[in-house]
Amino acid sequence: MQHTIAAIATARSPYKQKFGIARQPGLVPAAEVCIELQPEFNADSVRGLADFEYLWISFIFHDAVSEGWSPLVRPPRLGGRQKMGVFATRSPHRPNHLGLSLLKLERIETGKTVKLYCSGADLLDGTPIVDIKPYIPFVEAKPEAASGFVSGKPQELAVIWANGIGADLPANERALIAQSIAQDPRPAYQDIPERVYVMNISAYEVKFQIQNDTATVIAVEYAD
């Protein structure tokens, strides 16, 4: 049976490429996205939504659709060496390429285009949003639930800035870059201290290196 799902909104995100996006929502509080609703969804469609602090955002991993899917994937949390069933992971390489993120709602604008501003995002710029629902803590929070191979928040990298790099950046942009790098965006199997990694984030091209548990930002330039 075939079903058609149409995007109701588009995410405007500081993440311009897949490399560097937080692997889970909430890990980078400084990552703010603007979810722009399609014109047919006016202020009435979000009436009452501002009373909720968190939202479930259903979306399409649009940049992974052409890559297909696999019944077995290699979760980064297992070092990229052990395979798990796709339905035991949050891999974007799924049969229907649907994703789900829990984001903090910061504010709502209800002008000509309704815009939801959310923080802690893990969405690629241009991500199609297919549904929005309020998070209800007493129903959906299960802090004692078993979490399989995912045990606790991953260890973050220490981030340092070489030779005053980034000192003139706005505080929110600097926090976004540092928090994103701290999540260690490298493939799980990769540990090459001399390698220079490049991340396109917000309006910048950021270059950094990682040795042991420390990332050093060596360049920040405006992206073309």
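The values are calculated or read from the model by the stated rules, or taken from the named source; none is laboratory data. Keep in mind the model is a prediction, meaning the values are calculated, not measured. Positions of Cβ are generated from backbone atoms using ideal geometry, with glycine treated the same way; all protein chains shown enter the neighbour counts. Calculation scope for accessible area: heavy atoms of the full protein, side chains included, ligands and nucleic acids excluded. Shrake-Rupley method; radii C 1.70, N 1.55, O 1.52, S 1.80 Å.
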(message) For a quick check of your reading of the model, give me the residue pairs whose first member lies in region 152-174 and is under 19 Å from Leu78 (Cβ atoms), whose second is small (Gly, Ala, Ser) and open to solvent by less than 80 Å² (accessible area, probe 1.4 Å), with beta-carbon atoms closer than 9 Å and at least 6 apart or on different chains.
(response) Glu156/Ala182; Leu157/Ala182; Leu157/Ala215
(request) Quick one: in region 157-209, of everything that is assigned to a loop (DSSP other than H, G, I, E, B) and of a type in the set (Ser, Thr, Tyr), which residue is least open to solvent (accessible area, probe 1.4 Å)? (result) Ser202
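Among residues belonging to region 112-133 that are of a type in the set (Asp, Glu) and within 16 Å of the chain's Cα centre (by Cα), point out the one that is farthest from Tyr15 (Cα to Cα).
Residues of region 112-133 of a type in the set (Asp, Glu): 122, 125, 131.
Next, from what is left, pick out any that are within 16 Å of the chain's Cα centre (by Cα): 122, 125.
Numbers: Asp122: 8, Asp125: 6 Å.
Among them, the one singled out is Asp122.
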(request) Select from region 50-72 the residues that are part of a loop (DSSP other than H, G, I, E, B) and of a type outside the set (S, T, N, Q) and list them in ascending order. (result) Phe52, Glu53, Phe61, His62, Asp63, Ala64, Gly68, Trp69, Pro71
(request) Kindly indicate whether Phe52 is surrounded by fewer than 17 Cβ atoms within 10 Å (Cβ to Cβ), modelled with pLDDT of 95 or more, closer than 13 Å to Leu116 by Cα and over 13 Å from the mean Cα position of the chain (by Cα). (result) yes
(request) Of all residues in region 112-140, count the ones that are under 19 Å from Ala203 (Cα atoms) and not in a strand (DSSP E or B). (result) 8
(request) Output the number of residues of region 83-111 satisfying the condition of being assigned to a loop (DSSP other than H, G, I, E, B) and either of a type in the set (S, T, N, Q) or farther than 21 Å from Ser13 by Cβ (or both). (result) 5
(request) Output the residues belonging to region 92-142 that are open to solvent by less than 20 Å² (accessible area, probe 1.4 Å) and without any contact (Cβ under 8 Å) to a residue 40 or more places away in the chain. (result) His97
(request) Could you please tell me which pairs satisfy a Cβ distance under 6 Å, a separation of 6+ or placement on different chains, a first residue in region 60-76 that is over 16 Å from Leu98 (Cβ atoms) and open to solvent by less than 50 Å² (accessible area, probe 1.4 Å), and a second residue that is assigned to a strand (DSSP E or B) and among the aliphatic types (A, V, I, L, M)? (result) Pro75/Met84
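Considering only residues that are farther than 21 Å from Ile60 by Cβ and assigned to a loop (DSSP other than H, G, I, E, B), look in region 36-48 and name the one that is least open to solvent (accessible area, probe 1.4 Å).
Gly48
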(request) Test each condition in (1) in contact with a strand residue (DSSP E or B) (Cβ under 6 Å, 6 or more places away or on another chain); (2) surrounded by fewer than 17 Cβ atoms within 10 Å (Cβ to Cβ) for Val33 and report the one that comes out false. (result) (2)
(message) Among the numbered criteria (1) surrounded by fewer than 15 Cβ atoms within 10 Å (Cβ to Cβ); (2) not in a loop (DSSP other than H, G, I, E, B); (3) not acidic (Asp, Glu), which one does Ser151 miss?
(response) (2)
